[in-house]
Amino acid sequence: VVPCAADFFLVLVKPPIAVSTAWAFGQFKFELTGVAKKTNILKHYLEIGDIAALGTACFNDLEPVVMTEFPVVRRVVKALRQPGASGVCMSGSGPTVFALCASQDEARQVWQTVQSQGWSAWVCRPWQGEAEAPDCAEMDG
């Protein structure tokens, strides 16, 4: 567990599709990825609690591959990129996309915007190593 100096929230959106991990990696062109990205900066931003910088630094090399084949993922990313979201990134091989938000109020505003699209969406607080993991729940409109 990487401790975070700031509390923050995630808005998770799962569009109504399935993406095969094998397919996503099969489409990925490893030789074309260019310069290796440094992931230690993500840990640094978590440790100092700089959620805005963390959001800017988040990346997923599979995201362009998946968005090309599944336009709904691109629409989810676009819908999440709004005031209140410090950063938006696809999780793993998709299709779930998350937005980082510095406060629960900001997360709730982002959630209200995306849930109107009919996508499954949740507001979560990342587990910080407390005795019990926090709940991740759908909001009540």
*By how many nm would the segment from Thr68 to Asn40 lengthen if fully extended, with 0.36 nm per residue of separation less the alpha-carbon distance?*
7.3 nm
*Using θ = phi - 60° and the Karplus form 6.51 cos²θ - 1.76 cosθ + 1.60, what ³J(HN,Hα) does each residue of the stretch 12-18 get, whole Hz, x for Gly and Pro?*
9, 10, 10, x, x, 9, 10
*Round to a whole number: what % of the accessible area of the stretch 1-107 belongs to carbon and sulfur, probe 1.4 Å?*
59
*Put a dot 7 Å past each Cα toward the Cβ at Ala18 and Arg125; how far apart are the dots in nm?*
3.5
*Which whole-number percentage describes the relative contact order of the stretch 19-123, with Cα contacts under 8 Å and a sequence gap of 6 or more?*
24
*Three principal axis lengths of the stretch 1-112 [C-alpha, angstrom, descending]*: 37, 33, 22
*Cβ-based net charge around Ser93, under 14 Å, with every Lys or Arg adding one and every Asp or Glu removing one*: -2
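The values are calculated or read from the model by the stated rules, or taken from the named source; none is laboratory data. The shown structure was predicted, so the numbers you read here are calculated from the model rather than taken from an experiment. No Cβ is skipped: glycine too gets one built from the backbone with ideal geometry, and neighbour counts run over all protein chains shown. Protein only, heavy atoms only, side chains kept; ligands, DNA and RNA dropped before computing areas. Shrake-Rupley method; radii C 1.70, N 1.55, O 1.52, S 1.80 Å.
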